[in-house]
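Below: one structure, written as structure tokens.
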Number of protein chains: 2
Amino acid sequence: MPAEIPKRVEIFDTTLRDGSQAEGLSLTVMDKLRVAEQLDRLGVLYVEGGWPGANPKDQEFFERAAAGELLLADARLVAFGATRKAGGRAETDPVMADLLAAGTGYVCLVAKSSPWHITETLRTTTAEALDMVADSVTFLRNNGKVVIVDAEHYFDGFFELGSFWRDFLRVVAESGAMPVLCDTNGGMLPQQVERAVGEAREVVPGGLGAHFHNDSGCAVANSIAAVLRGVDHVQGCVNGYGERTGNADLTAVIADLSLKLGIETIPAERMALLTAVSRHIAEIVNRAPDPHQPFVGTSAFAHKAGIHTSAIARAPRAYSHVDPEAVGNSNRFVLSEMSGRASVALKAEQMGLRLTNEEIGYVVDRLKELEHAGYHFEVADGSLELLMRAATGWKQSFFRLESHRVVTDLREDGGVVTEARIKLFVGDERIMEVAEGNGPVHALDAALRKALGPVHPELSRIHLTDFKVRVLESAAGTAAITRVLIDSTDGDRTWTTIGVSENIIEASWEALSDSIVYGLLHAGAVGR
Amino acid sequence: MPAEIPKRVEIFDTTLRDGSQAEGLSLTVMDKLRVAEQLDRLGVLYVEGGWPGANPKDQEFFERAAAGELLLADARLVAFGATRKAGGRAETDPVMADLLAAGTGYVCLVAKSSPWHITETLRTTTAEALDMVADSVTFLRNNGKVVIVDAEHYFDGFFELGSFWRDFLRVVAESGAMPVLCDTNGGMLPQQVERAVGEAREVVPGGLGAHFHNDSGCAVANSIAAVLRGVDHVQGCVNGYGERTGNADLTAVIADLSLKLGIETIPAERMALLTAVSRHIAEIVNRAPDPHQPFVGTSAFAHKAGIHTSAIARAPRAYSHVDPEAVGNSNRFVLSEMSGRASVALKAEQMGLRLTNEEIGYVVDRLKELEHAGYHFEVADGSLELLMRAATGWKQSFFRLESHRVVTDLREDGGVVTEARIKLFVGDERIMEVAEGNGPVHALDAALRKALGPVHPELSRIHLTDFKVRVLESAAGTAAITRVLIDSTDGDRTWTTIGVSENIIEASWEALSDSIVYGLLHAGAVGR
């Protein structure tokens, strides 16, 4: 039977160490400092900062953190390293020296706990491996550090013959460190975890941790299974970054443990920061947030099929496993070609528009047609509103485009310059302007603003904040089309507009033009 | 204690029905036919095609499938629908008529199995709900159909007070259909699944299915837990597409059940198709494959950290939970700024290049510098090879660019045209050419080919196959930079090249130029 289930589980984030092994992830020292701040804000107990001495970046991180550039309110900063070398002494080992120099109160050591890995990849004896752990822990503790030991390949070792895993855990615990059971290969299933953790729990009297990778697709479930067998310290990464398939996603682990099992993880009053911190970290590490990520994804509480939308409108909790606000996320009703007239009517109402039945029918048909061509109005509320207004016969009167030309020169001296020339009418007045930019969109935006600025000074409050491009290939392999999304803000509201075309410049113009029209419309501007 | 674990589990894919509820997913009828073929190729037993009558696309899908446009070797095509309406009769229900008209041998009916949902969202009595199921199953079976019943909200119902779930399962089984336990809200944890499935297993004598969504991050683990409690039919979607956080990812479910638990799912000899089919389906539905997806992702067996790379080179199985070839994937050693000299040397060797120690040092430094600027050579083997060759003092001599100009006109009549003018030297000869294209890259590519074609006829075998654009925003919020990736092929080999710049045209040129140089180099062309 399971050990006692802990009331509280320590959350240990390793985004800055193990997570940064993720393919495609590359963090500057400034990025790392900012991620650490976000983790502290969320209330994560341990923040593993990196391996001092292993590379200049991690070295600099700990130096700047120690110099006061990182002020953590609650979190404990951890330095990571290996045990002393086989046959060496902790006192003279360079890794030990680097760990002391990092100046953190907490140290996490990695040590192989599987006999196969010790003999085959480390090329030493199991007896020496145990001495390496004991010596290193003792040395660090004598120097005032609290020590955690990541038992690398614990699960592989457990399922090998023999009981070395037991000796290993005893040595770690008796040396005064906390052992963390690591599924280094990430291949465990929850049922195996239950067995291997359950037996470890009987050997280790005090704190016991677990660390999972997602290679079997079960990292979150494995973390939960480990806790239900008595583990009270879970390692992973916010958003599940990490080598191969990633580490256990701490956002899901935290939400599942606290909201579903009533186990304390981060402070309860900070649970509603989960979505914001997840997205903020994604932004810092420059990874597009996964819209389908459990709890925190933008689609996590989005409902699309007509059958569901109507039900949710009647009983909000009928189709949500938790209250999205508990994790700082929100319900979202999504328009798409699959949606019927009812969804369009609902959306129009939310936008403050009143559409007749005929107009709703027109919008439904037009959406089908445009989504077939590659548009996705689900993510482009700004353009969707303009489309709905157009259904009522509305037509923007801020300007009428005559033509534009965008020229990019790569010059003989290697310099690159883009200029846009635009011709348009404001009322009856014909205006032409030219502007430079560091790319086609920037140049077009500058030219359009130059042309409209004198008539619409409110444009100065409207800014483009993001620009996304996706190349869509039709499954039939015919011409590729480009979809451009532009995010804009006027300081109060934010909106997204869309353009689709075979030509990226035209797609960009479409999204840009919608963005400016939407902004002027809501600034109360009047065309002429 | 658990029920007997089944030796064989039926795999039921619902990508074309439930999966297509995913936000941002929009499939044409042709897409749907092609996805069904891929599922059949993989050996999935059931392919749910859609809801005939619910929308014109699904209607057309079944019509074209019945007309012979879809030839499934082994898979069973399933039509989805609801039970008869409350208070109505199956014989006159339009949904029943649509299901018969779909012409499939198999039908999957959805029916609410939670009293709360029946009374609150369906607004009928539990007694009528049971009659709706029994009548509909009987009617369809009398018309020769094999019937599966998706017990919607089964788990929510199980954990409500009362035992209606038991009545529901009995009625389904006694009517002659197979019940499928659905976690419609997706919030279950494996430990809850074990309990709720275990009790269902005692009520249902024959086949029993389960269907999970990933809202708690546990859909794969929940599917496994259900099988270990006696479920022998699992529903989900290849790649885990679906509403909100997605359905259970069948690629992971299949691999875990078969490779780790020895349970038959798809035919064993097709397991190695898993990666190819997963990526093929991603391509058809126009979703970028998730590189971190368990088993089938391009990063799933990629190893980056120096500590691991050297170990894997010595003992290939030390860091892989399964043999990647078993699922048609492969080990991959990845270069990055975190990699040291050893990885660069290994990569150079794989490319057939011999670098001196000094040259390796240069490459390591240059990689750091360029990755800092936004390059990612992990995904751009073509550009990486050129960079490594450059370290040896090699310089491409196919052409020397003088300048180029790209002009895009949006004309007064609404027409758009892009032309590129290029000036370059081939040997001592100065060449200038102009060409049109449906966008800047296309036009530049056309102009470059016009200029080089007469000297390098082997260019006609080299084609661009894909073009990706990503806008990278530095965390500090300064100028956005654009990263362009171009995939190319000469029929035998394929390669990827990269360009990074504030200006999208320059980034495109860089990737394009590398692509052509790489292609000519490997076509054995000689510059002059």
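Side notes on the structure shown:
- Selection of the range B:183-196 for residues being assigned to a loop (DSSP other than H, G, I, E, B) and out of contact with any His (no Cβ under 9 Å at 6 or more places or on another chain) yields only B:Leu189.
- Filter result (touching a helix residue (DSSP H, G or I) at 6+ places or on another chain (Cβ under 6 Å) and either buried (at least 24 other Cβ atoms within 10 Å of the Cβ) or among the hydroxyl-bearing types (Ser, Thr, Tyr) (or both)) within the range A:159-168: A:Trp165
- Flag for B:Asn247 being at pLDDT 95 or above, touching a Cys at 6+ places or on another chain (Cβ under 6 Å) and within 12 Å of chain A (Cβ to nearest Cβ): yes
- Summed over the range A:80-107, residues that are farther than 21 Å from A:Glu128 by Cβ and touching an Asp or Glu at 6+ places or on another chain (Cβ under 8 Å) total 1.
- Filter pass, B:Val426 being farther than 25 Å from A:Ser508 by Cα and of a type in the set (A, V, I, L, M): yes
Let's see how each residue does on (1) within 23 Å of the chain's Cα centre (by Cα); (2) within 30 Å of A:Phe377 (Cα to Cα); (3) surrounded by fewer than 24 Cβ atoms within 10 Å (Cβ to Cβ):
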position	(1), (2), (3)
B:Arg8	no, no, yes
B:Leu25	yes, yes, yes
B:Leu33	yes, yes, yes
B:Glu37	yes, yes, yes
B:Leu42	yes, no, no
B:Gln59	no, yes, yes
B:Phe62	no, yes, no
B:Asp74	yes, no, yes
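- Restricting attention to the range A:193-219, the residues that are of a type in the set (Asp, Glu), more than 7 Å from chain B (Cβ to nearest Cβ) and crowded, with 20+ Cβ neighbours inside 10 Å add up to 0.
- Just one of (1) closer than 23 Å to B:Lys468 by Cα; (2) within 37 Å of the chain's Cα centre (by Cα); (3) outside any loop (DSSP other than H, G, I, E, B) fails for B:Gly374. It is (3).
- B:Thr496 vs. criteria touching a helix residue (DSSP H, G or I) at 6+ places or on another chain (Cβ under 6 Å), modelled with pLDDT under 90 and more than 9 Å from chain A (Cβ to nearest Cβ): yes
- Taking the criterion of being in a loop (DSSP other than H, G, I, E, B) and among the hydroxyl-bearing types (Ser, Thr, Tyr), the residues of the range A:122-149 that qualify are A:Thr124, A:Thr125.
- Members of the range B:387-438 that are closer than 22 Å to B:Val469 by Cα, touching a residue at least 24 places away in the same chain (Cβ under 8 Å), within 11 Å of chain A (Cβ to nearest Cβ) and not β-branched (Val, Ile, Thr): B:His404, B:Glu419, B:Ala420
- Only residues that are surrounded by fewer than 16 Cβ atoms within 10 Å (Cβ to Cβ) and assigned to a loop (DSSP other than H, G, I, E, B) were counted across the range B:255-276, and they come to 2.
- Test: A:Pro190 is at pLDDT 95 or above, closer than 30 Å to A:Ala101 by Cα, surrounded by 20 or more Cβ atoms within 10 Å (Cβ to Cβ) and of a type outside the set (Val, Ile, Thr): no
- The one condition from (1) part of a loop (DSSP other than H, G, I, E, B); (2) out of contact with any helix residue (DSSP H, G or I) (no Cβ under 6 Å at 6 or more places or on another chain); (3) surrounded by 15 or more Cβ atoms within 10 Å (Cβ to Cβ) that B:Gly414 does not meet is (3).
- Residues in the range A:283-298 that are more than 7 Å from chain B (Cβ to nearest Cβ) and hydrophobic (A, V, I, L, M, F, W, C) were compared, and the one that is surrounded by the fewest Cβ atoms within 10 Å (Cβ to Cβ) is A:Ala288.
- Filter result for the condition that a residue is within 22 Å of B:Asn503 (Cβ to Cβ), of a type in the set (D, E, K, R) and at pLDDT 95 or above, over A:Glu502, A:Glu433: A:Glu433
- When we screen B:Val171, B:Val231, B:Val180 for residues that are aliphatic (A, V, I, L, M), more than 14 Å from chain A (Cβ to nearest Cβ), touching a residue at least 12 places away in the same chain (Cβ under 8 Å) and assigned to a loop (DSSP other than H, G, I, E, B), the only hit is B:Val231.
- Selection count, the range B:313-367, where residues are modelled with pLDDT under 90, in a loop (DSSP other than H, G, I, E, B) and β-branched (Val, Ile, Thr): 1
- Only a single item in (1) over 30 Å from A:His376 (Cβ atoms); (2) within 12 Å of chain A (Cβ to nearest Cβ); (3) surrounded by fewer than 24 Cβ atoms within 10 Å (Cβ to Cβ); (4) not acidic (Asp, Glu) is not met by B:His280, and it is number (1).
- A:Phe212 aromatic (Phe, Trp, Tyr) and under 24 Å from the mean Cα position of the chain (by Cα): yes
- Matching residues in the range A:21-49 - criterion: being more than 11 Å from chain B (Cβ to nearest Cβ) and not β-branched (Val, Ile, Thr): A:Ala36, A:Glu37, A:Gln38, A:Leu39, A:Asp40, A:Arg41, A:Leu42, A:Gly43, A:Leu45, A:Tyr46, A:Glu48, A:Gly49
- Pair list, Cβ < 8 Å and 6+ apart or interchain, from the range A:118-133 residues that are within 14 Å of chain B (Cβ to nearest Cβ) to residues that are surrounded by fewer than 20 Cβ atoms within 10 Å (Cβ to Cβ) and charged (D, E, K, R): A:Glu120/B:Arg314; A:Thr121/B:Arg314
- Scan the range A:100-119 for residues that are over 29 Å from the mean Cα position of the chain (by Cα), buried (at least 21 other Cβ atoms within 10 Å of the Cβ) and polar (S, T, N, Q) and the total you get is 2.
- Scoring A:Ala268 on the criteria (1) at pLDDT 90 or above; (2) in contact with a strand residue (DSSP E or B) (Cβ under 8 Å, 6 or more places away or on another chain); (3) over 16 Å from A:Val238 (Cβ atoms) leaves a single failure, condition (2).
- Once the range A:255-280 is narrowed to residues that are charged (D, E, K, R) and in contact with a Gly (Cβ under 8 Å, 6 or more places away or on another chain), the residue that is farthest from A:Ser223 (Cα to Cα) is A:Arg270.
The values are calculated or read from the model by the stated rules, or taken from the named source; none is laboratory data. Predicted, not measured: the structure shown is a model, and the values here were computed from it. Note that each Cβ is placed from the backbone with ideal geometry, even for glycine, and that neighbours are counted across all protein chains shown.
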